[in-house]
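Down below is the structure, laid out as structure tokens.
The values are calculated or read from the model by the stated rules, or taken from the named source; none is laboratory data. From a predicted model like this one, the values you see are computed outputs, not experimental measurements. Using ideal geometry, Cβ is built from the backbone for each residue, glycine included, and neighbour counts are taken over all protein chains shown.
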Amino acid sequence: MADIYDSAFRTVLNDCSKLIIPIINVSFGEHYTGNEQITFFPNEHFIDQQNAPDEKRITDTNFAVYGAVRKTYHWECQSTPDSKMLIRLFEYDAQIALDQGDISKEVLTVEFPNTAVLYLRYAKTTTPDTYKYVIKTPGGSIEYDVPIFKTQQYTLDEIFEKNLLLLIPFYIFSKEAAFSEYENNPSKLETLKSEYLEIIKRLDQLVEDGRLSDFDRTTLLETANDVINEIAKKYQNVVKGMGDVMGGALLETNARRIKNEGFTEGIAKGKVEVFLNLIADGIPKNKAQRLAEIDDALAEKALKSRKK
């Protein structure tokens, strides 16, 4: 079910947000260091329809990165090539631009996000490397590319060499064509298990070196396990064999429990951070408050705290 894959993508992005930075660098040619602040915006957008109730659209993720300049990004995770994907992307982008737009002295200013798609599967002959927007207006035409990031193009060595750790939950997609062999050939299944033991070993080394947190390691393995259980659910031997490998690794840390104990406090803190960043960017208080989803009391408290 595609929702499992979308959920895994959102979980890693929201819980381990810094892991998107190397993906952005590859897709957009940026040079972020990984120390940049990332602020997430609400994923729900409502499209105004004149003669019908507003239609709700949910993006996979919508956030800003504060480097030398602030840039907004919109990423979608897609499990299978879809001919209507480009239309949905543009609808989402237009709504994001409107939601974060500004009206001043009868001038509407909107900023479209830097948009990209993470494809978990792709067709070698028909899936392009980029989509393209061509927007014709009375004042002239503009066009720009929407990068397509194909996860299956990256080997395990490349994932670790380029720090593309966000791809680990979806690495199993590169093995999907061989599931029948793994199911019926124990020695080949052992090869797959050994490959995931290597992934766990490399993640553990990153934790030991201080380059990855225990929590991020656990999140990557938990989401990888969820994806494996979904994509291989018709193959009992594969699910059981991989479950033994992943289950053992997940018993080694209690990072998820520690994170969840502070979850409620973290949500409020994150919303205040979004609100203050929007204010700093010149967004009117009422609009910033609506986008950050905080009430009047919390907004006033945040503004007073900032002035101290």
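Figures for the structure shown
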quantity	calculated
One residue from LEU86, LEU120, LEU98 being closer than 17 Å to LYS287 by Cβ and of a type in the set (A, V, I, L, M, F, W, C)	LEU98
Residue in the range 207-214 that is part of a helix (DSSP H, G or I), among the acidic types (Asp, Glu) and surrounded by fewer than 16 Cβ atoms within 10 Å (Cβ to Cβ) present	yes
Close pairs from the range 183-210: first under 11 Å from ASN237 (Cβ atoms), partner among the polar types (S, T, N, Q), Cβ under 7 Å, at least 6 apart	GLU183/ASN237; LEU189/ASN237
Set ASP145, ASP102, ASP129: member being among the acidic types (Asp, Glu) and modelled with pLDDT of 95 or more	ASP145
Lone qualifier among GLY101, GLY67 - being surrounded by 13 or more Cβ atoms within 10 Å (Cβ to Cβ) and either touching a Cys at 6+ places or on another chain (Cβ under 7 Å) or free of Cβ contacts under 8 Å to residues at least 12 places away in the same chain (or both)	GLY101
Matching residues, the range 244-266, being closer than 21 Å to LYS304 by Cβ and either surrounded by 11 or more Cβ atoms within 10 Å (Cβ to Cβ) or at pLDDT 75 or above (or both)	none
